[in-house]
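Everything below concerns the one structure shown next.
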Amino acid sequence: MSNDFQTDSRQLLARLRTAMAEETAGQARLDMITHLIADSMKTEVCSVYLFRDSETLELCATEGLKPEAVHQTRMRLGEGLVGRVARTGRTINTPDAPSEPGFRYMAETGEEIYSSFAGLPIQRLGEKLGVLVVQSKVARRFSEDEITALEVVAMVLAEMAELGAFIGEGAALTALHTKPVVFRGATGQEGTAEGHVWLHEPRVVITNPIADDPHRERERLLDAAEQLRDAVDRMVSGIANGDKEQLEVLEAYRMFANSRGWMRRMEEDIARGLSAEAAVEKEQSTARARMEAITDPYLRGRLHDLDDLSNRLLRILSGQGKETGADMPPDPILVARNIGPAELLDYGRSLRGIVLEEGSVGSHAAIVARSLAIPLIIHADRITTEALNGDHIMLDGDNGSAHLRPEDTVVTAFRDKMAMEAKAQERYGSIRDMPTVTACGQRVHLMMNAGLMADLPSLKGSGAEGVGLFRTELQFLIRNQMPRRSELSALYAKVMDSAGGKKVVFRTLDIGSDKVLSYMKPTDEPNPALGWRAIRVGLDKPGVMRMQLQALIRAASGRPLSVMFPFVAQYDEYRAARAEMDKALERERILGHPIPESLELGAMLETPSLAYAPRRFFEEVGFLSIGGNDLKQFFFAADRENERVRRRYDTLNVSFLTFLQGIVDRCADTGTRLSFCGEDAGRPVEALCLAAIGLRTLSMRPASIGPVKSLLMRTDLGALRQVIEQAREDGLQSVRGPVMEFLRSSEG
Ligand code: PEP
Ligand code: MG
């Protein structure tokens, strides 16, 4: 790149800055800018097209084309060369525009006499704002230097647009981040919520895209990069026990932070007149645009790392930390790219809802959100780019959508839905303290699932008869070191105290698969869900299980105790786990600690194999609890976290119900107590069918107890069972259709 060009583009930016400082309205400012660019670049035409809605671009200002075409000429995304630049986010530079594929000339603009065309996307951090076009009569390809200079100008235009510099009359000149947007993601946790956006990582606002002293800006950049490198080095050396995944991310950080190419490109943009912040953001925007086109998860991950690093660099440069001085709204809906379980717990119940760009159904954040009963939407692509702190937002966790800045009609419909839900909750309140007895006189026991001390108040609020599943992973997941026995026993004791004599079934640690502890040596497994997890880890490395069993015995301090082991696939595993419990009891007795007055030991039935265990196992085990989430994924061989397949097989599929029926029958035969504690127990129709095939204890999230109970109390299970059997005889794949029909007719 020639120094002349740097000087020219610096001059152009200096003129742009002057134009920005002038007290002109949006339109006049845009007109002045197109004039300045055409003049500086010595092109006959310079035009700015901006989006008027997500699908249509509008010519908003031009130097050289017919003025009457301004605000009249429009094209759809992908239409003509301008539409193509907007859709692909890539520059088109051609000496002979009419011969380009897709070329379409707009007669009203008078552009037919211009042969050369260069169109560049105006975009900011992956957000498409418009297209900058220069045209000239002479057939020539614009030089690399010219295109680079125009890229810098397009970047400044994007920043100006973000700051509201072009607001004027008409849809294309309305302020950004004001229109309604719907994000269709996936459900992480059901429920509806209304509130205002609280960005977990507020965006850095760049108020000075153009700088007048490139030397100073370069010094600032180098200084900030130095600080960044130090920070990354400190992170690498502070990492616990060589956690492989974290180390990999940090090594990628380190690689980028030391990358000469990355630094050089930013330094060049500074030489062209950008401020250090704008230079970093320009690189970040390019990376985000690339990210959109990449499907390889590894490469996407690395581009995410680069994005994170750019954010850190921007924060150092701008001095804008996570604390912006803004007050969290009273009804916050957390919006983030992703969030860890400990950070989420820090927010606790103050949140009304959560929306993430990433995440997965089984992620730690999802587990915490589920525990806190907060609606969670995952895979809400690019919401952190669009949402601003304080924006009005409504979440429909049931269908995984988030309505940002919703229109009045949406607000009304949504509030109606929430009012209906609130009314239903009231109805549930009136039956809360009644026993669950069906219309045909069957008693069903409804328990709740929990995982935190904070869940326990729901025991009373929901009317649950006890805790059917207390997941003990969270205390291990949210720390960066192994919790101590004394900490665990204090927590378990508090849980039992709060339950006030109601039963709490503690499940021993279920880690591995998706639940990875940062302080445990990671194992590389091709299929972690089928790998070294839960009881398998517990028995191979019994230290943690022993510690946990001791903590439970001490917490019970003489009270009755219920414990179950996760993921038992065969009889021997249960026997070995029970032997550990016997040893723990013996040790505690010798140490003089009180022994539980009664102890029931059970197993989770989460693998099909256990359904066919020897009769003796069924006679020996204290109780069984079906972990339907895992059992279903293994039954259908469909990953519970894979969006492509996880909804493909209905829980009410005849094969699955027949399989469950077999387990119920075997348990009835041997007198083994049986419950069901997967998520399906909390879905009213599914719960009804489970009860109809003979399950009499269901454990679910607290918010589901009311709806499930209400439906059970209105239903004749005998009649429903006949519907199920008929559907089976009729050769249907799923009983859902006839069951829904039965419910409609009995409600009607
Ligand atoms: C299950 O698999 O159904 C279950 C309750 O356990 P988790 O969801 O914790 O794997
Ligand atoms: Mg499970």
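Results, tabulated for the structure shown:
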| read-out | value |
| --- | --- |
| Overall dimensions of the range 3-162 by Cα: Rg and Dmax, Å | 14.3, 42 |
| Cβ charges +1 (Lys, Arg) and -1 (Asp, Glu), total dipole of the range 3-162, debye | 280 |
| Label-point separation, residue 398 to residue 421 (7 Å along Cα→Cβ), nm | 0.8 |
| The range 399-543 - percent of accessible surface contributed by carbon and sulfur, probe 1.4 Å | 54 |
| Carbon/sulfur fraction of accessible area - the range 342-382, other protein chains in place, 1.4 Å, % | 47 |
| Equivalent ellipsoid, the range 249-396 (semi-axes from 5 times Cα gyration tensor eigenvalues, Å) | 31, 18, 14 |
| Bridge type composition, the chain - antiparallel percent by DSSP, nearest 5 | 55 |
| Selection from 429, 353, 252, by position along the positive dipole direction of the chain (Cβ) | 429 |
| Calculated log₁₀ intensity ratio I(q)/I(0) where the Debye formula runs over C-alpha points of the range 540-609, q = 0.17, 0.21, 0.23 Å⁻¹ | -0.61, -0.88, -1.02 |
| Distance violations [Cα-Cα > 31 Å] among 42/179; 137/179; 423/460 | 42/179; 137/179 |
| Volume in Å³ per residue [convex hull over Cα atoms, computed for the range 214-318] | 85 |
| Three principal axis lengths of the range 431-747 [C-alpha, angstrom, descending] | 61, 46, 37 |
| Nearest 10 degrees, 0 to 90: helix 276-293 Cα axis against the chain principal axis | 60 |
| Average accessible area per residue (Å²) across the chain - probe 1.4 Å, nucleic acids and ligands excluded | 43 |
| Unit charges on C-beta of K, R, D, E only; dipole of the range 431-747, Debye | 720 |
| Dimensions (Å) - the range 500-635, Cα atoms, principal axes, largest first | 45, 38, 29 |
| Set of aspartates and glutamates with alpha-carbon distance to residue 66 below 19 Å, sequence-local pairs under 8 removed | 31, 39, 44, 58, 108, 111, 112 |
| Enclosed volume per residue, in Å³, of the convex hull spanned by Cα atoms of the chain | 183 |
| Only Lys, Arg (+1) and Asp, Glu (-1) charged, at Cβ; the chain dipole about Cα centre in debye | 2600 |
| Label point 7 Å beyond Cα of residue 486 along Cβ direction - residues of the range 570-594 with amide nitrogen under 20 Å | 588-589, 591-594 |
| Fraction of accessible area attributable to carbon and sulfur, the range 3-162 (%, probe 1.4 Å) | 47 |
| D (Stokes-Einstein, µm²/s), Kirkwood Cα radius, the range 306-373, 1.002 mPa s at 20 °C | 159 |
| Relative contact order of the range 431-747, pairs being alpha-carbon contacts under 8 Å that are 6 or more residues apart, as % | 20 |
| Neighbour net charge for residue 409 - beta-carbon separation under 12 angstrom, K R +1, D E -1 | -2 |
| Summed side-chain charge close to residue 662 - residues other than residue 662 whose Cβ falls under 14 Å, Lys, Arg +1, Asp, Glu -1 | +1 |
| FRET E, pair residue 212, residue 744, Förster distance 60 Å, beta-carbon r, rounded to 0.05 | 0.25 |
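The values are calculated or read from the model by the stated rules, or taken from the named source; none is laboratory data. Here the structure is a predicted model, which means the values were calculated and not measured. Cβ atoms come from the backbone with ideal geometry, glycine included; neighbour counts cover every protein chain shown. Heads up: the accessible areas ignore ligands, DNA and RNA and are worked out on the full protein's heavy atoms, side chains in. Shrake-Rupley method; radii C 1.70, N 1.55, O 1.52, S 1.80 Å.
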